[in-house]
Amino acid sequence: MAKGTTYGPESIEFVDPQSGAEIVQLTSNPTISHNLYMENCSFTPDSKRVIFLSRRSSERSAPFDLFRVDVSGRDLVQLTEHDDLTGAVLSLDGKTAFVSAGNELRSVDLEDFGEKVLARLDGASVGNPSVGGNYVFGRVGYGPDSSAVIRCNVDGSDFRELRRGTRVGHINASRTGNWVAWIETAEINEFNTQAWYVMRADGSDNHRWAVQNWAHSAWVGATDRMQGTLLPPGHGIVWCSPEDRDPSKAETICTGPYFWHAGASLDGEWIVSDTNWPDIGLQLVHLPSGRFQTVCLSQSSNAGGQHSHPHPSLSPDSTKVLYNSDRTGIPQVYVANVPEYLQDEVRTGKLLRRHRVGPRRP
């Protein structure tokens, strides 16, 4: 189907059996649909819309395209029509999406679907973009063993390559645009995993993060601090500043189950994380106290495919959680409404005995 196509509602409403949270399954087409990675907010600033990626065809080589939909499941619209789209991110004002497609970085207007080429790199491939301040960052691959972090202004001006590496990944800009984090997957660190790096937006002050045993990480609102889940045998979420080069400066937010992928709220009060081994559901974590509680069960297989990983993220007003699940056998996009009582009980500590709760941060 062509961009600008409006689809009929695919939404299915149900109630989570454990928490009582009201959930809307936003997509039901018998093809893969998934939200953006928890590093990037999928919600518009008013918390009323989300963007997501979906295949609308069941062909083996069917491409992904970008879509928008109301959190109620209405007004489902296709925003792009590309054969080689690989990633997307929403602008901070929620009016534009930035997408990587083949060798191009593009902007897409969410209302009139107009597109603009911000950067074109002949002979290269552009990867998942990230937005911070007035900048769009991204990954560009020049071959199997050469890639780089790139940056341009949101209007496409002042394009530059910030740093060249072997296998650069997970470009992740702070909301302020002061910092950009990245991973060198070809460099093995002391935990026998990939090396985590951060640098200023102009490419200076490039250095390793104080935490090197993160499994996954994402910025906390506009705090210029990064929070992340720990690799096994660690069972917790820790955070630190890019300027904290001493590992002892990293602070523990909470410990308990194996937190897996965690996204943070815009105001820096909340974190939402999926869990695994065992999966006890999506956990709402109160960052100041370290208390946490189950929002809902994802009921996903959490199998090898990324589309089965929930990758939860919070809406800007912290009332909704977007996540993936293949509970039906096909990965789809869901939004859970966070019950008011749950936030109140986690924030104040007035937790009912039936709730799962973690220890306070030391």
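A Cβ distance below 7 Å, combined with a sequence gap of six or more or placement on separate chains, defines the contacts here; from segment 259-278, residues that are free of Cβ contacts under 8 Å to residues at least 24 places away in the same chain reach residues that are aromatic (Phe, Trp, Tyr) and in a strand (DSSP E or B) in the pairs THR275/PHE259; THR275/TRP260. Among the candidates ARG356, ARG327, the residue that is among the basic types (Lys, Arg), at pLDDT 95 or above and either in contact with a strand residue (DSSP E or B) (Cβ under 9 Å, 6 or more places away or on another chain) or assigned to a loop (DSSP other than H, G, I, E, B) (or both) is uniquely ARG327.
If you filter segment 206-259 down to residues that are part of a loop (DSSP other than H, G, I, E, B) and aliphatic (A, V, I, L, M), you find that the one that is modelled with the lowest pLDDT is ALA222. Take the residues in segment 222-263 that are hydrophobic (A, V, I, L, M, F, W, C) and in contact with a Leu (Cβ under 7 Å, 6 or more places away or on another chain), then tell me which one is farthest from HIS307 (Cα to Cα). By that ranking, first place goes to ILE253. Residue pairs whose Cβ atoms lie under 9 Å apart, separated by 6 or more positions or on different chains, with the first residue in segment 205-222 and at positive phi and the second of a type in the set (Lys, Arg) and assigned to a loop (DSSP other than H, G, I, E, B), are GLY221/ARG175.
Looking only at segment 47-95, residues that are touching a Phe, Trp or Tyr at 6+ places or on another chain (Cβ under 7 Å), assigned to a loop (DSSP other than H, G, I, E, B) and among the hydrophobic types (A, V, I, L, M, F, W, C) come to 1 in all.
Counting the residues of segment 260-276 that are of a type in the set (D, E, K, R) and assigned to a strand (DSSP E or B) gives 1.
List every residue pair whose Cβ atoms lie under 9 Å apart, where the two residues are 6 or more positions apart in sequence or sit on different chains, the first residue falls within segment 27-43 and is more than 16 Å from GLN78 (Cβ to Cβ), and the second residue, located anywhere, is buried (at least 20 other Cβ atoms within 10 Å of the Cβ) and among the acidic types (Asp, Glu). From residues that are more than 16 Å from GLN78 (Cβ to Cβ), the pairs are MET38/ASP274. Only one of the listed residues (THR252, THR275, THR223, THR229) is within 20 Å of the chain's Cα centre (by Cα), of a type outside the set (Gly, Ala, Ser) and surrounded by fewer than 18 Cβ atoms within 10 Å (Cβ to Cβ). That residue is THR223. Here the condition is being surrounded by fewer than 18 Cβ atoms within 10 Å (Cβ to Cβ) and either of a type in the set (A, V, I, L, M) or farther than 22 Å from LEU79 by Cβ (or both); of ARG120, ARG151, ARG175, ARG164, it holds for ARG164 alone.
The values are calculated or read from the model by the stated rules, or taken from the named source; none is laboratory data. Being a predicted model, the structure only gives us computed values, none of them experimental. Glycine also receives a Cβ, built like all others from the backbone with ideal geometry; neighbour counts cover every protein chain displayed.
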